[in-house]
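The structure under discussion appears below in the form of structure tokens.
The values are calculated or read from the model by the stated rules, or taken from the named source; none is laboratory data. Quick caveat, the model's predicted, so the values are computed rather than measured. Using ideal geometry, Cβ is built from the backbone for each residue, glycine included, and neighbour counts are taken over all protein chains shown.
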Amino acid sequence: MPSMPDEIGPTRTGVPRQGTFPYLTLIFDFDGTIADTLSAIIRLVNEHAEEFNIKPLAETDVDELRGMSNLDIIKKYKVPLVKVPYLALRAQKELNQRIGEMSLFPGVKELVLDLKRRGIRLGILTSNSRENVRKFLMAQDLDVFDFIHAEQNFFGKNWALLHLLKKFHLKKEEVIYAGDEVRDIEACQKVNIAVIAVSWGFHRRKLLQDKRPTYLVDSPDEIRAIVAG
């Protein structure tokens, strides 16, 4: 069963959800929630370690990073903040050539197709490029999402989420978001929408739990239970 708010602490930052109607729209994060891109990203970093002026990442390094916030990772490797946008765009371009190295997390395809059949509106919010996401989904025969919103917002993911809600005329109380990182939880709490933290992505379960998401799940089937009942 998914961990509920009373198990991990109350998490909503505004007026509690009213009524018993289901969530009408599920927004997914892409990297680490739908697609297992971590291995490809690690290979990319190691290939350019000298250029980025960092040591190649070993398996033990990756395990340590999974317990750290993104800002702590940037500080650890002494990456100047002004270089972060450039590095992110550089990574997007190179990942486009590595789509074949990436895979869906187990159970995600079945979840997405089932929710689509049930009439749930499905979307993706990503800091990756829209081209990369579409290319991956088509390769996986999963190009069924109602919208894909790609936005690099270095002032916070909450702003990208607000832009998405406005663009697609979505009501906060009818939306739920699924993501694998602390920043996903924090963005949803700032915007005041429900958030499902998934433990199969980048950040460790304990780190996610400490941020008190609305739900914390360990399998795609648990998302189905939350969204579709």
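Below, the figures for the structure above:
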read-out: Condition met for L71 (modelled with pLDDT under 85, part of a helix (DSSP H, G or I) and of a type outside the set (V, I, T)); value: yes
read-out: Single match in L142, L207 (criterion: assigned to a helix (DSSP H, G or I) and among the aliphatic types (A, V, I, L, M)); value: L207
read-out: Single residue of E173, E110, E94, E131 found to be assigned to a helix (DSSP H, G or I) and not assigned by TED's automatic domain parsing to the domain that holds G32; value: E94
read-out: Any hit, region 157-174, residues being in contact with an Asp or Glu (Cβ under 7 Å, 6 or more places away or on another chain), within 19 Å of R121 (Cα to Cα) and crowded, with 17+ Cβ neighbours inside 10 Å; value: yes
read-out: Exclusive hit being more than 15 Å from the chain's Cα centre (by Cα) and among the β-branched types (V, I, T), set V108, V182, V133, V191; value: V191
read-out: Failed criterion for A178 (all others in (1) under 23 Å from K109 (Cβ atoms); (2) in contact with a Lys or Arg (Cβ under 9 Å, 6 or more places away or on another chain) hold); value: (2)
read-out: Test: R121 is surrounded by 15 or more Cβ atoms within 10 Å (Cβ to Cβ), at pLDDT below 95 and among the basic types (K, R); value: no
read-out: Of all residues making up region 138-172, the number that are without any contact (Cβ under 8 Å) to a residue 12 or more places away in the chain and under 15 Å from F30 (Cβ atoms); value: 2
